[in-house]
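The values are calculated or read from the model by the stated rules, or taken from the named source; none is laboratory data. This structure is a prediction, so every number in the text was calculated from the model and none was measured. In this analysis, Cβ positions are derived from the backbone assuming ideal geometry, glycine residues included, and neighbour counts consider all displayed protein chains.
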Amino acid sequence: MPRLTPALLLGLVLLGAVLLAAAVPDWLAPYDPLAFDFTALSAAPSAAHPFGTDQFGRDILSRTLHAARIDLQIALFCMVFPLLIGGLIGLLVGWYGGWIDAVFGRLVDLVVTFPFLVLVIFFVAVLGPGLVNVYIAVACVGWVPYAKLMRAEVLVQRQSDYVAAGRVLGYAMPRILLRHILPNACRPVLVYAVTDMALAILLGSSLGYLGLGAQPPTAEWGVLIADGKNFFTTAPWISLFPGVAIVLAGIGFSLTGDGLADLLAVKK
Amino acid sequence: MTALLTTTDLAMRFPGRHGLTDLLRGIPRPVVRALDGVSLDVRPGETLGIVGESGCGKSTLARCLVGLHRPNAGAVRYQGTDIATLRGSARQAFHRQVQMVFQDPYGSLNPLMSVGASLAEALAVHRIVPPADIPRRVQDLLDRVHLPATAANRYPHEFSGGQRQRIGIARALAVEPKIIVADEPVSALDVSVQAQIVNLLQELQTSLGLTLVFITHDLRLVRHLTHRVAVMYLGRIVELGPTEDVFASARHPYTQALLRAVPRLVPGQRSRDVAVRGELPSPLAPPPGCAFHPRCQRAEPDCAATVPALALREGHWPVACLQADRAIAHSSTIATSTPSV
């Protein structure tokens with residue numbers, strides 16, 4: 001049984017830092033993230049402003065810390081809704097098979113034909129920018145990998161003898177599906193979900209950068225990077241530190257997901 | 001004696017692979033005939049053995065008997081009622097009375113449920129005992145299969161193959177069945193553990209008055225455990241008789257060949273005879289007439305033309321061989337050299 005590997009530990013530490021920032025940004029941030037300071041416009045990192053300030057004199061450290069809450073919310077919702085929808089679809093498709101499976105296969109082909117981001121942008125463009133519409137768009141597109149994973153795992157589990165034993169014992173179908181197959185089939189899906197949150201943060205930031213996600217003046221890492229893009233040659237810190245935050249949060253989720261996969265794989 | 005469980009002309013076909021090009025060329029979809037007209041009866045209190053090579057349809061028959069497969073033709077009747085027509089509480093009642101023990105002790109238990117939880121679930125779903133009495137009944141069941149009481153809180157991966165098979169038996173016993181269909185319950189186990197499980201099944205049969213359908217490819221186990229034996233070949237029963245008599249004077253050439261193939265424990269008596277010529281034909285394309293005729297040493301031209309029915313044919317138990325009368329004459333050589341367990 002592998003213990004806490006250094007990689008998993010690092011992942012958990014990074015994730016813990018993001019969670020802490022999201023939980024109590026007011027305690028950690030030295031300034032109000034929306035407060036203008038006209039005495040320090042686009043100021044370079046200093047003792048007063050460790051990450052510098054933007055063109056309106058807003059403190060980058062404070063904005064980066066406050067953004068953690070929004071980005072974590074994006075990561076969570078961009079994972080949870082596809083997980084629930086895709087998991088349910090995969091469970092039913094894997095169990096019933098037949099023509100339902102055939103229809104599912106064609107639908108999946110249709111969705112994966114387009115790049116993920118392009119489809120999401122398409123949906124957001126139709127629905128209008130904003131975080132709620134981002135969640136709807138991601139739920140419409142992002143369920144596919146979850147459903148595929150769940151279906152494959154259900155196909156394996158439904159062949160197993162313990163499922164046959166349940167049927168011989170006369171257990172009702174919902175009991176077999178939810179109490180026996182689902183707990184055994186959801187492990188790879190849950191591991192994928194943690195790793196997927198890293199991608200969700202990137203996605204949320206990308207959409208924020210493009211102006212389709214969180215709207216200014218909300219502090220969100222993608223929005224912060226977009227804020228600084230016109231000043232990158234003169235005040236690179238405006239974009240740099242939120243970018244570092246994205247990278248660290250992404251690494252945190254990835255390492256934690258990998259570590260969890262290793263931990264869970266052994267017990268099987 | 002009225003039969004508890006009967007099958008009549010049971011047929012089970014599984015579709016084979018059929019690609020798009022086959023479809024366009026008009027090639028008909030290949031069909032595996034796992035069961036092809038199986039009729040047999042399971043009598044109360046007996047142990048019925050079902051033997052045959054891999055791929056002869058033994059497991060398919062077992063799964064039809066417990067209602068896991070719905071046969072394409074024919075019927076499985078429990079106490080006279082076709083189980084395919086059972087719905088709701090009647091079907092629950094059937095499942096309560098006909099249970100199964102599986103071949104693979106590693107796959108037949110839910111790895112995420114403790115042993116106690118697995119047993120308790122069966123007890124609760126069928127309301128065998130009031131909820132308050134469930135923990136005590138779980139202990140009784142574990143005791144009955146000779147597992148320690150502490151096993152209830154442990155998980156399947158903490159047990160050996162033989163212990164898991166005991167758990168599987170305890171789970172089948174939880175609902176107080178009349179019949180247990182055991183599908184190769186010991187073939188995945190070490191020989192020493194096999195004996196323990198076989199003895200346990202025998203002990204339970206005596207103490208609980210169970211009816212046992214024991215599916216195996218091990219003739220020694222059949223002889224040790226069963227009252228009657230059905231010999232299967234390519235989805236059909238070729239011989240069905242009292243175990244003692246079949247072992248003493250098998251009537252079907254295939255049964256005779258199987259008995260010759262049993263390894264002897266006495267080194268000097270090691271047989272150099274080839275038990276059966278050739279390979280088991282593909283069930284996708286079974287030979288015409290008697291499916292055994294290409295491998296049979298006594299085949300006559302009519303064997304390739306007529307499918308022999310399972311009938312008495314002037315003997316004491318039914319056999320599916322056109323040459324059965326002639327076969328009796330040869331069987332005396334086998335009677336002297338039957339193996340001991």
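Among residues of the stretch B:170-183 that are of a type in the set (Asp, Glu), those with a beta-carbon under 8 Å from a residue that is in a helix (DSSP H, G or I) at least six positions away or on a different chain give the pairs B:Glu176/B:Arg96; B:Asp183/B:Lys58; B:Asp183/B:Ser59; B:Asp183/B:Ala62; B:Asp183/B:Arg63. Does the stretch B:82-91 contain any residue that is closer than 30 Å to B:Pro281 by Cα, within 12 Å of chain A (Cβ to nearest Cβ) and at pLDDT 90 or above? No, the stretch B:82-91 has no match at all. Reported count of residues in the stretch B:117-170, each being closer than 23 Å to B:Gln194 by Cβ, more than 14 Å from chain A (Cβ to nearest Cβ) and assigned to a helix (DSSP H, G or I), is 7. Being assigned to a helix (DSSP H, G or I) and touching a residue at least 40 places away in the same chain (Cβ under 8 Å) is a property that A:Val144 has.
Here's the yes/no breakdown for (1) modelled with pLDDT of 85 or more; (2) part of a loop (DSSP other than H, G, I, E, B); (3) within 25 Å of B:Pro242 (Cα to Cα):
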| residue | (1), (2), (3) |
| --- | --- |
| B:Leu280 | no, yes, no |
| B:Pro283 | no, yes, no |
| B:Pro287 | yes, yes, no |
| B:Ala291 | yes, yes, yes |
| B:Pro294 | yes, no, no |
| B:Gln297 | no, yes, yes |
| B:Asp302 | yes, no, no |
| B:Val307 | yes, yes, yes |
| B:Asp325 | no, no, yes |
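Got at least one residue in the stretch B:98-109 being within 14 Å of another protein chain (Cβ to nearest Cβ), over 29 Å from B:Val229 (Cβ atoms) and buried (at least 23 other Cβ atoms within 10 Å of the Cβ)? If you could, list the steps in order and put the result at the bottom.
Within the stretch B:98-109, the first condition is being within 14 Å of another protein chain (Cβ to nearest Cβ), and the residues that meet it are B:98-109.
If we keep only those that are over 29 Å from B:Val229 (Cβ atoms) too, we end up with B:109.
Those left that are additionally buried (at least 23 other Cβ atoms within 10 Å of the Cβ): B:109.
Checked against the condition, which is being within 14 Å of another protein chain (Cβ to nearest Cβ), over 29 Å from B:Val229 (Cβ atoms) and buried (at least 23 other Cβ atoms within 10 Å of the Cβ), the stretch B:98-109 yields at least one hit.
So, in the stretch B:171-204, of the ones that are within 14 Å of another protein chain (Cβ to nearest Cβ) and modelled with pLDDT under 90, which residue ends up surrounded by the most Cβ atoms within 10 Å (Cβ to Cβ)? Here the residue is B:Ala188.
For the stretch A:152-267, list the helices (runs of 4 or more DSSP H) that sit wholly inside it and hold at least 1 residues that are more than 13 Å from chain B (Cβ to nearest Cβ) and farther than 30 Å from B:Ser59 by Cα; which are they? Result: A:187-210, A:221-228, A:237-267.
Based on this model, can you work out whether B:Leu61 counts as of a type in the set (A, V, I, L, M, F, W, C), facing another protein chain (nearest Cβ under 9 Å), crowded, with 21+ Cβ neighbours inside 10 Å and touching a Ser or Thr at 6+ places or on another chain (Cβ under 9 Å)?
Numbers: of a type in the set (A, V, I, L, M, F, W, C): yes; facing another protein chain (nearest Cβ under 9 Å): no; crowded, with 21+ Cβ neighbours inside 10 Å: yes; touching a Ser or Thr at 6+ places or on another chain (Cβ under 9 Å): yes.
No, not satisfied.
Answer yes or no as to whether B:Val129 is closer than 30 Å to A:Cys186 by Cα and among the hydrophobic types (A, V, I, L, M, F, W, C). No, not satisfied.
Being part of a loop (DSSP other than H, G, I, E, B) and free of Cβ contacts under 8 Å to residues at least 24 places away in the same chain is the filter; apply it to the stretch B:12-32 and report the residue that is nearest to the chain's Cα centre (by Cα). Reasoning before the result, please.
Narrowing the stretch B:12-32 to residues part of a loop (DSSP other than H, G, I, E, B): B:16-19, B:26-30.
Cutting the leftovers down to free of Cβ contacts under 8 Å to residues at least 24 places away in the same chain gives us B:17-19, B:26-29.
Numbers: B:Arg17: 27, B:His18: 30, B:Gly19: 33, B:Gly26: 37, B:Ile27: 34, B:Pro28: 31, B:Arg29: 29 Å.
So, considering only residues that are part of a loop (DSSP other than H, G, I, E, B) and free of Cβ contacts under 8 Å to residues at least 24 places away in the same chain, the one nearest to the chain's Cα centre (by Cα) is B:Arg17.
When restricted to residues that are basic (Lys, Arg) and either at pLDDT below 90 or under 22 Å from the mean Cα position of the chain (by Cα) (or both), the stretch A:98-156 contains 2.
Residue-level check: of (1) within 14 Å of chain A (Cβ to nearest Cβ); (2) within 27 Å of B:Gly241 (Cα to Cα), B:Ala11 misses just (1).
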